[in-house]
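Report on the following structure.
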Amino acid sequence: MLQSFFWMCSGADPKLLKECSGSEQIKQAGIGGTVFFTALMAFIAAAYALYTVFDSVFMAVAFGLVWGLLIFNLDRFIVSTIKKQGSAGSQFLQAVPRILLAVIIAIVIAKPLELKIFEKEIDRVLLEEKNQMTLDNQDQLALQVQPEIDRLETEANALKEEIRTKESEVNALYDTYISEAEGRAGTGLLGKGPVYKEKREKHDQALAELQLLRNENNAQITAREQQIMELRSSFRENVSRTQPVIDGFDGLMARINALDKLPWLPSFFIFLLFLAIETAPIISKLLAPVGEYDLRLADSEKTVATWTAQKAHQMQRQKEADAAIYDRVYTELAEEEELYAYKRQKAREVMQLQADAFYRQQKAGL
């Protein structure tokens, strides 16, 4: 039963194969087995490729089954239409379009399986790309808020520096009136004299100005720091919102691009492997000598062609004979007096009827 199934896969005629030798039957079964397992590999490859796209087992299996049946039908058609007739050159020319189609099929089959075989290496490349994309995304989002943050921080620092400058001025005035009271500077007199009072008043006035400046500047600093916090919170929200897009960068095209960044030699050998599998039935049929099945198939097709040509020739001869017979019959009928008199009588009756009808029409018009 398995042999019959592989015969069906090869596109061979079971009736003719049953009349062939065992070796010929095994050869055709081998070709059919190659066609079947090629289609099976196509099913697995297509199913995995669709799974990476839709992440659905049902859709992947359904599409993989359709694709596998398509490849099976194409391979079966390719193998069954190569005839072992004519010279080797004519057979090769006959197979060239089919070999090109086999190359295309091999590429389609090999690529998804390469994605699975090199999955770990591809994941590493994708991880590096995702990390770089995350950094680039953060840099791009930072460009939207960082100039405003820098401006607010500069203004806040300027306000703080203004407070520190005023504090230095107040501290200097404090040291001045204390030194005057201790007799270490100014008049050099110990005690709180008029000069001391004057310097103390300047200090107290500067201290009041400092307090007012602190209140005003701290309020402005707090407002700017609040704006900075809001901008940074907005930046973090934008990063959190866009990060899932980067995390989902794991589709079929992304994996193919990542595969292209890996060394090409392993992928090339895998492609050659599938190309050898896909073209094996064609190449084996081209290289194999003419077998018993090929001779029987050619004889069967030649018999049908001969019978069809004979039937067409007989129909043409019958048509020519019928035409000659009818020509002779009508020639003889044209010379018979009895037929001539009968046709003359009928024609006369028709003309009388036409004349009577015309008369009645004219009379009705009057």
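Structure values in brief
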| read-out | value |
| --- | --- |
| Contact order normalised by residue count of segment 1-141, Cα under 8 Å, 6+ apart, percent | 21 percent |
| Lys/Arg +1, Asp/Glu -1 at C-beta; the chain dipole; positive extreme among ILE78, GLY64, PRO263 | ILE78 |
| On Cα atoms only, tilt of 57-81 relative to the major axis of the chain in degrees | 40 degrees |
| For ASP327, net neighbour charge (Lys/Arg +1, Asp/Glu -1) across residues whose Cβ lies under 13 Å away | -1 |
| Net +/- balance of residues flanking MET351 in space, Cβ distance below 13 Å, scoring K and R +1, D and E -1 | +2 |
| Isotropically averaged projected area of the chain, using the convex hull of Cα atoms (one quarter of hull area), nm² | 57.1 nm² |
| Hits among aspartates and glutamates - C-alpha to C-alpha of LYS116 under 16 Å, sequence gap 8 or more where chains match | ASP55, ASP250, ASP260 |
| Of HIS203, LEU213, SER233, farthest towards positive along the dipole that unit charges on Lys, Arg, Asp, Glu beta carbons give segment 129-250 | HIS203 |
| Segment VAL245-VAL96, length gained on full extension (0.36 nm per residue, minus Cα span) | 49.1 nm |
| Range in the chain, longest, excluding exposed GluC sites (Glu not before Pro) [loop by DSSP; at most 16 other beta-carbon atoms within 10 Å] | 20-334 |
| Gain on full stretching of the segment that runs from HIS313 to ASP175 - 0.36 nm per residue minus C-alpha separation | 36.2 nm |
| GNM result for the chain, Cα springs below 10 Å: residue of GLY64, GLY32, GLY89 fluctuating most strongly | GLY89 |
| Dipole of segment 308-365 [Lys/Arg +1, Asp/Glu -1 at C-beta], most positive-end residue of LEU333, GLN318, GLN354 | GLN354 |
| Exposure proxy order (Cβ contacts within 10 Å, fewest to most) of ILE109, ILE221 | ILE221, ILE109 |
| Spread of Cα-to-Cα distances over 5 Å intervals beginning at zero, given as percent, for segment 129-250 | 2, 10, 13, 11, 9, 8, 8, 7, 6, 6, 5, 4, 4, 3, 2, 1, 0, 0 |
| Relative contact order (percent, whole number), segment 129-250, Cα cutoff 8 Å, 6+ residue spacing | 38 percent |
| Pairs from LYS83/LYS311; LYS111/LYS261; LYS160/LYS197; LYS18/LYS311 whose Cα-Cα separation, in the structure shown, is over 20 Å | LYS83/LYS311; LYS160/LYS197; LYS18/LYS311 |
| Length-normalised contact order for the chain - Cα pairs under 8 Å, 6+ apart - percent | 22 percent |
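The numbers here are math on the coordinates, done by the rules we state, and not lab data. Being a predicted model, the structure only gives us computed values, none of them experimental. Note: ideal-geometry Cβ built from the backbone for every residue, glycine included; neighbour counts use all protein chains shown.
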